[in-house]
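Report on the following structure.
Just so it is clear, none of the values below were taken in a lab; they were calculated from the coordinates. Quick caveat, the model's predicted, so the values are computed rather than measured. Cβ atoms come from the backbone with ideal geometry, glycine included; neighbour counts cover every protein chain shown.
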């Protein structure tokens, strides 16, 4: 897992190719997600990102997702919580941020929109 870009009001950069994403089936068709990514900011700093969430949908929709096909976000549920870690003072505010994410699959890959919980 990895590749792609991220952008927000206070930082932007690329997703490094060393990420991992574990998906565990619950037996009822839903999936628990656990992931770790390294983000490289455009000014050259690395930020660690962890997330945990859930994905649920009809069996045929989840099969299409597994094959990497684009899926309309109304066809399934993909939500997660994010945590960030960095030692750089400039981005230290991320160490205290809890984010809630919504995901959907497009032709180029999965897109995550992450919102800060205030």
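Counting every other Cβ atom within 10 Å of each residue's Cβ, 118, 88 order from fewest to most as 118, 88.
Of all the options 40, 67, 105, the one that moves most in a Gaussian network model of the chain with Cα springs shorter than 10 angstrom is 67.
The Rg/Rh ratio of the chain, with Rg taken over Cα atoms and Rh as the Kirkwood radius over Cα pairs, comes to 0.98. The value of relative contact order for the chain, using C-alpha pairs under 8 Å at least six residues apart, is 17 percent.
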